[in-house]
Amino acid sequence: MKTAKRVFSCLLTMLMVFLLVACGEDVPDQGGKEPTKTTPTTGTPAHCHSWSDANCVRPKTCTDCGETEGQALGHNFVIGVCTVCGEVDESLLIPSEGLAFELNQAGTAYTVVGIGTCTDSDIVIPKVHNDLPVTAVGETAFVACDQITSMYLPDSIAEVEHSAFWDCDEMRSIVLSKAMVEISDSMLESCDNLQTLVIPEGVASIGHGALRKCKRLQEVTFPTTLRFVDASAFSSCDNLQTVHITDLAAWLRISFESNPLAEGDDVSLLLNGQLVTDVVIPEEITEIQNRAFLCYKKLTSLVIHDGVTCIGISAMEACHGLKTVTIGQNVQTIAEQAFENCIAIEQLTIPNSVTTIGDNAFANCYALSNLAVYGDLADLGESVFGGCTGLTDVYLDEGMTVLGTEMFIMCTSLPKITIPSTVKELGYGVFWSCKELTEIVIPSSVEIIGDNAFKNCKKLENIYCEVESKHEKWDNGWHSECPAKVHWLGSWQYVDGKPTVIE
C-alpha cells in the first residue's frame with residue numbers, strides 16, 4: 001500500500017513538472033542548480049491596422065482586415081438631405097409651395113421660372129405640378145434670390161438653364177438632379193456662401209463661368225461622366241480646398257478650359273479619399289488632355305506609359321512639386337506650356353518618338369540640370385527650354401535638324417553644348433543670355449542662323465565654324481552683342497578632340 005502511494009506521489013510530481021514546463025514557468029532543479037527558463041515561442045507579429053475614418057453608415061474600419069472600431073456617425077438630415085454624405089431621404093422632403101411655373105409649348109411638362117409667392121428658405125422643387133412633371137429650371141429663375149439657403153432639385157429635372165441661381169448670396173448647399181447632363185453657363189455664379197458641391201453622375205459638361213466667384217466653395221466632387229469644363233468655370237473660387245474623384249482615367253479624359261486645381265492656394269486632388277501625389281497614367285489613356293494637372297502643386301512624380309501619344313496644352317504647367325517625369329517611348333507631341341514652370345524637375349529625357357514640342361513646353365524649369373533629347377525634333381516652338389537657369393548638361397542626339405527660336409534663352413548656367421552635325425538651322429536668339437557658355441562649334445550642316453543667336457553670351461570667347469565663310473542665310477546680327485571671336489575653317493583644327501586655333 002505504501003509502495004502504491006509512493007508511485008502515485010511520484011507520478012503526480014512528474015505531472016506537475018510537465019505542466020510547469022509547458023506553461024514556461026521556472027522549474028526547480030532537483031539537483032539544486034539554477035532554474036532553467038524555457039524560451040517562449042515566437043508568434044506572428046501583431047497586425048498593424050490601417051484605419052479609414054468613420055462615415056454616416058460605417059464605423060472606423062481597417063482597410064486591410066475589415067476590423068471596425070466605434071460607431072458610424074449617422075446621417076444629419078436637413079430638409080431630407082444629409083449634410084455629411086448627401087444621401088436623400090425623400091420621405092423627409094416637403095415640396096415648396098408658391099413657386100412660379102410655366103407650361104411648355106407641348107403642354108406636357110412644367111418649368112420652374114421663379115420664386116413666386118414662396119417664402120421658404122430651404123427650397124424643394126416638386127417633381128409634379130398640376131399632375132404634370134417638372135422637368136426644368138428656367139433662365140435666371142432664382143437670380144439674386146437672397147432668401148434661399150438651400151436648394152433641392154428632384155431627378156425629374158433634366159435641364160437647368162443658364163444663370164438660374166446667379167447671385168443667390170445666402171445659398172449654402174444645393175442638391176442637383178441625377179437627370180442633368182450639364183451645369184449651364186453661370187448657373188451658380190456668385191453664390192458667395194456655397195461651400196460644397198456634388199456633381200452627379202451623368203453630367204458631361206460644366207459651362208462658362210458656372211461656379212465663378214463662389215468665394216466660399218471648399219469642396220467639389222466630379223463624376224466619371226464629365227468630359228468638358230469651360231473657361232472661367234471655377235474662376236475666383238479662392239477658397240477651394242479639395243476636389244474629389246473616383247476614377248483617375250475619367251479625370252484624364254476631361255478637356256479643361258478651366259481646371260479647379262488652379263484655383264485656391266493649395267488645392268488637393270483626392271482619389272477615393274487618398275491624396276494624389278505620384279501618378280502613373282492608366283493604361284487605357286492614350287492622350288493627356290489640356291490642363292489635366294494645371295497648377296497642381298502636390299503632384300510629385302509622373303510616369304507616362306508607352307501607349308500615350310500626346311501631352312496636351314499646359315497639362316502639367318506650374319506643378320511646382322513635380323520632381324521626376326518619365327515620358328513614354330511613343331509620345332509624339334508635347335504641346336505648348338506642357339511642363340512650363342515645373343520648378344522641381346531635375347532630369348529629363350525626350351525620347352526619339354517626339355517630333356513636336358510647343359512653345360515654352362519646359363520653360364522656367366529652374367531645377368532642371370540634365371537634359372537628353374533624342375530623335376529629330378523637326379517641329380519646335382519658341383523658348384522650349386528657355387529660362388532653365390539650372391541647366392548644366394545637355395545632350396542633343398544626331399538627327400536633329402533645328403534648334404528653334406530662343407530654344408535655350410536664359411539658360412544662364414549652361415557651360416557648353418554640342419550642336420549635332422545634322423542641324424540645319426539655329427533659330428533667333430537660340431542661345432541668348434547663356435552667360436556661362438565659353439565656346440561653341442557650328443557644324444557645316446548649318447545653313448540658317450537667326451538674329452541675336454548668341455546675344456548677351458558674356459563669356460563666349462570663341463565660335464568655331466566648320467565653313468570657310470558666312471552663309472547667305474546667316475543673319476548679319478547672328479553673333480552680335482557677344483565678345484566671341486569667330487574662327488572660320490582653315491584657321492583652326494581639332495586637337496585631341498578639342499577645337500584649337502592654328503598658330
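In table form, for the structure just shown:
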| read-out | value |
| --- | --- |
| Residue among I206, I183, I125, I174 that alone is within 22 Å of the chain's Cα centre (by Cα) and at pLDDT 95 or above | I206 |
| Set S177, S190, S186: member being under 21 Å from I148 (Cβ atoms), out of contact with any Asp or Glu (no Cβ under 8 Å at 6 or more places or on another chain), buried (at least 20 other Cβ atoms within 10 Å of the Cβ) and without any contact (Cβ under 8 Å) to a residue 40 or more places away in the chain | S186 |
| Residue in the range 88-140 that is nearest to D155 (Cα to Cα), counting only those that are hydroxyl-bearing (S, T, Y) and not in a loop (DSSP other than H, G, I, E, B) | T135 |
| Subset tally (residues that are surrounded by fewer than 12 Cβ atoms within 10 Å (Cβ to Cβ) and among the aromatic types (F, W, Y)) for the range 489-503 | 1 |
| Residue that is nearest to I502 (Cα to Cα) [pool: residues in the range 417-471 that are touching an Asp or Glu at 6+ places or on another chain (Cβ under 7 Å) and basic (K, R)] | K459 |
| Failed criterion for R253 (all others in (1) within 13 Å of the chain's Cα centre (by Cα); (2) among the charged types (D, E, K, R); (3) farther than 13 Å from F293 by Cα hold) | (3) |
| Members of the range 428-439 found to be surrounded by fewer than 22 Cβ atoms within 10 Å (Cβ to Cβ) and in contact with a Gly (Cβ under 9 Å, 6 or more places away or on another chain), listed by number | Y428 |
| Residues satisfying the stated conditions in the range 380-396, i.e. of a type outside the set (F, W, Y) and part of a strand (DSSP E or B) | L380, D393, V394, L396 |
| From L348, L322, residue being within 18 Å of C388 (Cβ to Cβ), out of contact with any Gly (no Cβ under 7 Å at 6 or more places or on another chain) and crowded, with 23+ Cβ neighbours inside 10 Å | L322 |
| Members of the range 105-120 found to be under 43 Å from the mean Cα position of the chain (by Cα) and either crowded, with 19+ Cβ neighbours inside 10 Å or within 19 Å of E139 (Cβ to Cβ) (or both), listed by number | A109, Y110, T111, V112, V113, G114, I115 |
| Scope the range 360-388; condition under 24 Å from W478 (Cβ atoms) and either surrounded by fewer than 20 Cβ atoms within 10 Å (Cβ to Cβ) or β-branched (V, I, T) (or both); matching residues | V373, D376, A378, D379, E382, V384 |
| Qualifying residues in the range 43-85 (those that are loosely packed, with under 15 Cβ neighbours inside 10 Å and on the phi > 0 side of the Ramachandran plot) - the one modelled with the highest pLDDT | G70 |
| Wholly within the range 183-285, strands (runs of 3 or more DSSP E) carrying at least 1 residues that are of a type in the set (S, T, N, Q) and over 21 Å from T140 (Cβ atoms) | 196-198, 219-221, 242-245, 268-271 |
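Residues are listed down the side, and each one gets a yes or a no for (1) of a type in the set (V, I, T); (2) more than 26 Å from T355 (Cβ to Cβ); (3) assigned to a loop (DSSP other than H, G, I, E, B):
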{"position": "T418", "(1), (2), (3)": "yes, no, yes"}
{"position": "S421", "(1), (2), (3)": "no, no, yes"}
{"position": "L437", "(1), (2), (3)": "no, yes, yes"}
{"position": "K470", "(1), (2), (3)": "no, yes, yes"}
{"position": "H479", "(1), (2), (3)": "no, yes, yes"}
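The values are calculated or read from the model by the stated rules, or taken from the named source; none is laboratory data. Just so we're clear, the structure is a prediction, and the values are computed from it rather than from any experiment. We place every Cβ from the backbone using ideal geometry, glycine too, and count neighbours over all the protein chains shown.
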